[in-house]
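What follows is a set of notes on a single structure, which appears directly below.
The values are calculated or read from the model by the stated rules, or taken from the named source; none is laboratory data. If you're wondering where the values come from, they're calculated on a predicted model, not measured in any experiment. Glycine gets a Cβ as well: all are built from the backbone with ideal geometry, and neighbour counts include every protein chain shown.
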Amino acid sequence: MRKLTTPFIGLSAGMLFVAPWLINMAPFESTMGLVQKIFYFHFPAAILFLVSAIVCGIASIRFLFFKKASADAWAIASAELGLLFGALTLVTGPLWARKAWGVWWVWDPRLTMSLVLFLIFAAYTILRKFGGPGSDKLAAGMALFGMLNVPFIYVSVNIWRTLHPMTSVVPTLPTEFGIPLWFCFAAFTMLFIALLNLRATLALQQARIEALYLDEDEA
Amino acid sequence: MNHLSVVDVARYYGRRKALSQISFTCDAGEIVGLLGPNGAGKSTLLSILATIVTPSRGQVTYGDRAPGESGGAAIRATIGMLGHDLFLYPELTARENLTFFAHLYGVADVAGTVSSALAQANLSDRADDYVSSFSRGMRQRVALERALLHGPQLILLDEPFTGLDQTSTAALVARLRERQQAGCLIVLATHDLDVAEGLLSRAIYLKEGRIVGSDTDSRGLVDRYRRTIRS
Amino acid sequence: MSGFFRVAWQVVRKDMTVEVRSKEIVLTTLLFAVSVVLIFSFAIVREGRAPDDVAAGILWVAISFAGTLAMGRTFERERYNDTLRALLLAPADRPAIYAGKLLGLLLLLGLVEIILVPLVALLFNAPILAFPGKLITLLIAGTLGFAAVGTLFAAMLVRVRSRDTLLPVLLYPITVPVMICGVRGTAALFQATPDEPLARLWIAILIAWDVIFVTLSLWTFEPVMTE
């Protein structure tokens, strides 16, 4: 995994550089016009936002119940990426909504739950920062509950009749929309994996430094 | 349980080493004293022995058992602890405190055990008064009997002599000796050397989270403690 | 299994005895809840009348604010003489201790709600007697879901210095699903033409969340409480 970091960063940087041209070449969507193009960034960010919640939750389960100390590094890395991609989602969403719905924000289930998930990530990082020694376990417990929100967000649009487009929209996209979308998705995913790797490696190295420091004069 | 062994135990809080390289063994019928200045790690060590804090490294074995995934409750059943904060509810009476914990520990004859504990604490006439109205010495006696309710074989005491007058101290010492005769292993943390002198069968000196010396002769403790801790 | 209920019951009984003596938590929590309702009335009342359909929201906001206060206090009591450690030292199932603390908290909040709900109904014209069964189910299930997570978080924050500020910060986002179900379900009952099937749907979702939250809390209590 770790070897992929550098090529992934380079590739995603290159792809994100090219992406505006691809997006520009894609045809205008009939009803939305120009503003629809933000979707090419909004969709990957939103999916990775949810993915980071799942990664964080699974890492926390491994840390809490299977005593895998290294899993904590992945939990903290994915939580911080959750904040980043959550912020991207929550900024690009209203930009589109202002044009499409005429308001920046509506309180529909999916938007609400995304905001809630973002708050959970924020609370998680705050707990890790200010919780003092032992907060890693508490944060892991918190992350478990946070992960529960993900299926709720994903399914919510399909159960409730809401303003947010359905999840079935994506697979039925015409090819000329699909190409730039999946191109951006691949770029974002590689960026996500690379950042996740870097941040987790950093956390693991910090843990190793702590361990070395603590082991320094031990038997 | 007739044997307690601590092997290379350490506990870290972030970068702070509360304890490191702690190894010792002791047997039933001993009174072991953990001696050292404040912040030496005495309380942390007691908490580890009580299984409520897990060591960052190393292991503690109780007889032939180690606190693993399943053995926790079985080991806790053999441990009685008197914490520095006494573990009593001030809003409850002495009898209610003892009854509650007797139930919690699954004691068979709750009422009988509680009244004999109250008699042992010499508080039978104040049994139905709130603990908040007790003096420090009385609370200490209730707290000690609370820790001994379920007949533990390993007794852990954190600063049991703090705030006690001479009669209370003498009573506590007598009670501990009686438990020692009964074959219990007693581990106590204290910095009251005058009381420790002559009571302990083994002394372990702690300083900044490490064992800096130990002793199996409790006479002349004060001098040797000063020398060991100063050096 | 009998040991589980015996321990849980003892913890509940102990908490109730303490509370009956001091009455501190019930009184402060109730007064706080009423203050929250009062502040709301300043925010929304126009020309002496409250708009329709606000009672459900106000009720649940008051319950969740007051609930956080009660959780913090019950565990502050266990922290005062380090008695939480004594509980954890007992050779009992740790989840049984959690269950006991949760039930104790539920009883306290139930007491508060017995006064709070009629008061909100009176001040904001809510028809609480139209569907008493459904309303009580909503209140119990909603309080359970909220308190289940709250008890776990308050217990684990006992060791943390900034616990008073962290508890609401951690608790509110996690319990949003419960709050949504509670408010929507209650609103369905309080509206001008009550919608019973809708309320029933929200009750069902709420109970599903309760099951998830309680199971997960019982499951996490042991690993989270070992230092």
Report summary line: Of B:ALA143, B:ALA102, the only residue that is in contact (Cβ under 8 Å) with a residue 60 or more places away in the chain, hydrophobic (A, V, I, L, M, F, W, C), buried (at least 21 other Cβ atoms within 10 Å of the Cβ) and part of a helix (DSSP H, G or I) is B:ALA143
Report task. Pull up region C:78-106, narrow it to residues that are among the charged types (D, E, K, R) and part of a helix (DSSP H, G or I), then point me to the one that is nearest to the other protein chains (Cβ to nearest Cβ). Result -> C:ARG85
Requested in this report: Please name all residue pairs, on different chains or six or more residues apart, with Cβ atoms under 9 Å, provided the first residue is in region C:144-162 and is more than 11 Å from chain A (Cβ to nearest Cβ) and the second residue is not in a helix (DSSP H, G or I).
Outcome: C:GLY145/C:THR175; C:PHE146/C:THR175; C:GLY150/C:THR175
Report summary line: Going through region B:3-42 in order, the residues found to be at positive phi and within 10 Å of chain A (Cβ to nearest Cβ) are B:ASP8, B:GLY14, B:GLN21
Query raised in the report: Can you find even one residue in region B:94-111 that is under 14 Å from B:GLU145 (Cβ atoms) and among the small types (Gly, Ala, Ser)?
Result: yes
Query raised in the report: Considering only region B:81-128, how many residues are in contact with a Phe, Trp or Tyr (Cβ under 8 Å, 6 or more places away or on another chain) and among the hydroxyl-bearing types (Ser, Thr, Tyr)?
Result: 2
Report summary line: Of the candidates C:PHE40, C:PHE75, C:PHE65, the one satisfying the condition of being more than 13 Å from every other protein chain (Cβ to nearest Cβ), outside any loop (DSSP other than H, G, I, E, B) and without any contact (Cβ under 8 Å) to a residue 24 or more places away in the chain is C:PHE40
Query raised in the report: Within region A:187-202, is there a residue that is more than 14 Å from chain B (Cβ to nearest Cβ) and aromatic (Phe, Trp, Tyr)?
Result: yes
Requested in this report: Working only within region B:146-170, note down all residues that are assigned to a helix (DSSP H, G or I) and more than 26 Å from C:ALA90 (Cβ to Cβ).
Outcome: B:GLN166, B:THR167, B:SER168, B:THR169, B:ALA170
Query raised in the report: Would you pick out the residues in region B:125-146 that are under 14 Å from B:THR169 (Cβ atoms) and among the aliphatic types (A, V, I, L, M)?
Result: B:MET138, B:LEU144
Query raised in the report: Mind checking whether some residue in region A:67-85 is β-branched (Val, Ile, Thr) and modelled with pLDDT of 85 or more?
Result: yes
Report summary line: Inside region C:171-223, the number of residues satisfying the requirement of being part of a loop (DSSP other than H, G, I, E, B) and surrounded by 20 or more Cβ atoms within 10 Å (Cβ to Cβ) is 1
Query raised in the report: Considering region B:43-88 alone, what residues qualify as being of a type outside the set (Ser, Thr, Tyr), touching a strand residue (DSSP E or B) at 6+ places or on another chain (Cβ under 9 Å) and away from chain C (no Cβ under 12 Å)?
Result: B:LEU45, B:ARG57, B:GLY58, B:GLN59, B:VAL60, B:GLY63, B:ASP64, B:ALA66
Requested in this report: Mind listing whichever residues of region A:101-141 are free of Cβ contacts under 8 Å to residues at least 24 places away in the same chain, in contact with a helix residue (DSSP H, G or I) (Cβ under 6 Å, 6 or more places away or on another chain) and assigned to a helix (DSSP H, G or I)?
Outcome: A:LEU119, A:ALA123, A:LEU127, A:SER135, A:LEU138
Requested in this report: Considering only region C:188-212, state which residues are farther than 15 Å from C:GLY133 by Cβ, among the small types (Gly, Ala, Ser) and modelled with pLDDT of 85 or more.
Outcome: C:ALA208
Report task. Mind listing whichever residues of region C:183-209 are among the polar types (S, T, N, Q) and more than 21 Å from the chain's Cα centre (by Cα)? Result -> C:GLN191, C:THR193
Query raised in the report: In region B:178-231, which strands (runs of 3 or more DSSP E) lie fully inside it and hold 3 or more residues that are touching a helix residue (DSSP H, G or I) at 6+ places or on another chain (Cβ under 7 Å), modelled with pLDDT of 80 or more and of a type outside the set (D, E, K, R)?
Result: B:185-190, B:202-207
Query - Any hit, region A:113-136, residues being at pLDDT 85 or above, buried (at least 23 other Cβ atoms within 10 Å of the Cβ), within 13 Å of the chain's Cα centre (by Cα) and more than 10 Å from chain C (Cβ to nearest Cβ) - result: no
Report summary line: If we ask which residues in region C:116-150 are buried (at least 23 other Cβ atoms within 10 Å of the Cβ) and assigned to a loop (DSSP other than H, G, I, E, B), their number turns out to be 1
**Report entry** Candidates A:SER52, A:SER60, filtered to the one that is at pLDDT 85 or above, farther than 30 Å from B:ARG57 by Cβ, of a type in the set (Gly, Ala, Ser) and crowded, with 17+ Cβ neighbours inside 10 Å
**Finding:** A:SER52
Query raised in the report: Only one residue in C:VAL26, C:VAL20 is loosely packed, with under 13 Cβ neighbours inside 10 Å and part of a helix (DSSP H, G or I). Which one?
Result: C:VAL20
